[in-house]
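Colleague: Pasting a structure below so you can have a look.
The values are calculated or read from the model by the stated rules, or taken from the named source; none is laboratory data. Computed from a prediction, not measured in an experiment: that's the story for all the values here. Heads up, the Cβs are rebuilt from the backbone with ideal geometry, glycines too, and the neighbour counts pull from every protein chain shown. For accessibility, only protein heavy atoms count, side chains too; no ligands or nucleic acids. Shrake-Rupley method; radii C 1.70, N 1.55, O 1.52, S 1.80 Å.
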Amino acid sequence: MEKQIEILRAEAIEVIGAAGDRPALDSARVRYLGKSGAVTALSEGMRHVAKEERPKFGKLLNDLRQAVTSALEEREIRMLGEADAADVASLDLTLPGTPPPPGTLHPLTQLMDRAVRCFRRMGFAIADGPDIETEWHCFDALNTPPDHPARNEKDTFYLPDGRLLRSHTSTVQIRVMEETPPPVRIIAPGAAYRRDEVDATHLAQFTQMEGLYVAENVSLADLKGTLEFFFRELFGPETEIQFRPHFFPFTEPSYEIDIRTGALGDRWMELAGCGMVDPAVFEAVCKRRGDRVYDPERVTGFAFGFGLDRLAMNLAKISDIRMLVENDLRFLRQF
Ligand code: DAH
C-alpha cells in the first residue's frame, strides 16, 4: 500500500502540473479528491490493513491528500497569473488615455471675467463682503431711511436675529471704507438677494458688480470717463451711452446708465446705477471708524452698481434667466 500511495502521489502531481486550463484542473480535482476519486478509494482500502499498521497508513494518506490539495491550489494560482499576463500583454500602456471633456465657463462667469479684467486695467482692486449682512451695512450706512421700500419685509430676506441677505453689493462700499483709509478704488462682484417671485426675468439670487472710487478731487467727469470706457471696452467702441438723472439714497447726484449697441439689439437698455457718494454715507463711515479720514469736506467719490445676469442674457441671447442656474448641460455646452 505504501508503494501505491507513492505512485498515486507522483501521478497526481504530474497530471495537475500538466492541466492547461480550468476544466482540466477541475477534472483532475474530481479524479483524485472526488467522492469516487483515487485518493478516496485508497482510504477505503484501509479496512484491509492490519490494526497496528493503520496509524502509519492513516498518516501517509493524510499527507497524500494534503500534497494533492496544495498542488491543485498552486496550479490554480499560476493559472490566474498566466491569464492576467495574457490580458496585459495585448495592452499598450504608452497609448494616450481618453481625456475628459474640458467643459466651458458659464456665460455669467465669462462676462464677469471680462468686466473684472477691464476694471483691473484701470487700477481697481477686487473687494469682497459677506452675503449675510447687518441692516446697518445694507441700509442705514447707505443713507437709506427705515421707511424706505427696499427695507420692506416683502422685499428683503431677514434672518431671525435681525441680519439679512444683502439686497445689493453696495454693502461692500461700507465694508471697504470701514477697513481702509482713502484713496480706495475697488470693484465688488457678488451675489445679491431679493424676495422676487421667480420667473423668466427674476431670480431670488442674482449677481451684481459694485464699484467705488474715493480720493481727493474725484469728479463726475471721472465717473463718466470710467464707465464710458468700461462699456465701450465691453460692447465695442460704437456703443452709445447716456446718463439719465435718477435717485439713489447713497449718491447725489445719481444717474441711471442706458446703453445702446448692436450687440444688445440696438435698443436703449437700462444697465446700471451710479452717482457721487452722498456726504451722509461718508459721515456714517466716519462715525463708525471714529476718525475723519472720510470727511466729505476732504474727499469725494463715485459709486456704481449693475446686474450681470440680465447683461449676460442679452449678450448670449438667453431668453429665460432660470437657465443660468439650472445646470442643464444641453444649455451650458453652447458656451
Ligand atoms: N445698489 C443699487 C441697486 O441694487 C445699484 C447702485 C446704484 C449702486 C447707484 C451704486 C450706485 O453704487 O451709486 O439697485
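Colleague: Report yes if PHE229 is more than 12 Å from the ligand (Cβ to nearest atom) and open to solvent by less than 40 Å² (accessible area, probe 1.4 Å), otherwise no.
Modeller: Answer is no for this residue.
Colleague: Let me ask another. Which of the strands (runs of 3 or more DSSP E) contained wholly in region 238-335 include at least 2 residues that are small (Gly, Ala, Ser)?
Modeller: Those strands (runs of 3 or more DSSP E) span 269-277, 300-307.
Colleague: Scanning region 238-260 for residues that are at pLDDT below 95 and touching a helix residue (DSSP H, G or I) at 6+ places or on another chain (Cβ under 9 Å), which turns out farthest from the ligand (Cβ to nearest atom)?
Modeller: GLU238
Colleague: Turning to a different aspect of this structure: Out of all the residues in region 263-272, is one or more within 15 Å of the ligand (Cβ to nearest atom) and either at pLDDT 95 or above or touching a Phe, Trp or Tyr at 6+ places or on another chain (Cβ under 6 Å) (or both)?
Modeller: Scanning region 263-272 turns up at least one residue that is within 15 Å of the ligand (Cβ to nearest atom) and either at pLDDT 95 or above or touching a Phe, Trp or Tyr at 6+ places or on another chain (Cβ under 6 Å) (or both).
Colleague: Between PHE206, PHE248, PHE243, which is touching a Lys or Arg at 6+ places or on another chain (Cβ under 7 Å) and either among the hydrophobic types (A, V, I, L, M, F, W, C) or closer than 25 Å to ARG117 by Cβ (or both)?
Modeller: None of the other options fit; the residue is PHE243.
Colleague: Still on this model: If ARG310 meets every condition in (1) buried (at least 20 other Cβ atoms within 10 Å of the Cβ); (2) in contact (Cβ under 8 Å) with a residue 24 or more places away in the chain; (3) within 16 Å of the ligand (Cβ to nearest atom) apart from one, which number is that one?
Modeller: Going through (1) buried (at least 20 other Cβ atoms within 10 Å of the Cβ); (2) in contact (Cβ under 8 Å) with a residue 24 or more places away in the chain; (3) within 16 Å of the ligand (Cβ to nearest atom) one by one, ARG310 breaks only (1).
Colleague: Residue pairs, Cβ under 6 Å, 6 or more apart or interchain, first in region 195-214 and assigned to a strand (DSSP E or B), second of a type in the set (D, E, K, R). List them.
Modeller: Pairs found: HIS202/ASP196; PHE206/ASP309; THR207/ASP309; TYR213/ARG185.
Colleague: Restricted to region 33-54, and to residues that are open to solvent by 40 Å² or more (accessible area, probe 1.4 Å) and part of a loop (DSSP other than H, G, I, E, B), which residue is modelled with the lowest pLDDT?
Modeller: Here the answer is ALA50.
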